[in-house]
Amino acid sequence: MVHYTRNFGSRHEGWQYPAADGFHSLMLPGAIVVNSVPAYHDAGLAGLGLIQGGYSSLLPYIKRGELVDILPHLRPQPLTASFIVAHRRSLSKRVRAFMDWMEETLRPYSD
């Protein structure tokens with residue numbers, strides 16, 4: 001298993017999985033601890049152990065056969081994304097254009 005932590009020296013969260021009452025973590029032994037997403041992906045691609053990354057970011061590697069999705073039934077629900085604005089009635093054209101662009105950009109990752 002490859003462990004990910006934001007800061008070296010802090011405790012990693014373990015293997016997270018969905019349960020009826022939310023998410024649980026299972027502490028498993030690991031081969032390596034990394035603190036960056038590219039290093040996490042590279043460790044998985046190098047065969048150093050299991051990784052648990054964002055499905056949309058790993059999908060190209062899965063499609064090419066470089067990674068294998070071994071626990072698809074334990075995949076968490078996608079995160080939601082929201083825009084928060086003070087007053088919708090006075091929304092500037094620039095903000096509306098940005099919101100439309102972000103919605104279009106994120107659409108492929110919302111399945």
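Read-outs throughout are calculated quantities, based only on the coordinates presented, and are distinct from any laboratory measurement. Owing to the predicted nature of the structure, the values given are computational and were not obtained by experimental measurement. Neighbour counts run over all protein chains shown; Cβ positions are idealised from the backbone, glycine included.
Give me the net charge of LEU91's neighbourhood, meaning all other residues with Cβ under 15 Å from the Cβ of LEU91; Lys, Arg count +1, Asp, Glu -1.
+3
Helices in the chain, meaning DSSP H runs of at least 4 residues, each add -39500 (n - 2.57). Divided by all residues, the mean residue ellipticity at 222 nm is -8500 deg cm²/dmol.
Values (i) 1.06; (ii) 1.77; (iii) 1.36 are given for comparison; Cα Rg over 2.2 N^0.38 Å, derived from the coordinates here, is the one labelled (iii).
In loop segments of segment 14-111 as defined by DSSP, the GluC sites (Glu not before Pro) with at most 16 further C-beta atoms inside 10 Å of their C-beta are GLU66. Highest mean first, the peptides 34-41, 3-10 sorted by other C-beta atoms within 10 Å per residue fall in the order 34-41, 3-10. Note on LEU79 and THR5: the model spin-label points, each 7 Å out from Cα along the C-beta direction, lie 2.1 nm apart. Between segment 52-75 and segment 23-44, how far is it from one alpha carbon centroid to the other, in angstrom? The two parts, judged by their Cα centres, are 14 Å apart. In a simple Cβ point-charge model (Lys, Arg +1; Asp, Glu -1; nothing else charged), segment 2-73 has a dipole of about 120 debye relative to its Cα centre. The phi-based Karplus calculation (6.51 cos²θ - 1.76 cosθ + 1.60; θ = phi - 60°) puts the 3J(HN,Hα) values of segment 47-60 at x, 7, x, 5, 10, 10, x, x, 4, 5, 7, 9, 4, x Hz, whole numbers, x for Gly and Pro.
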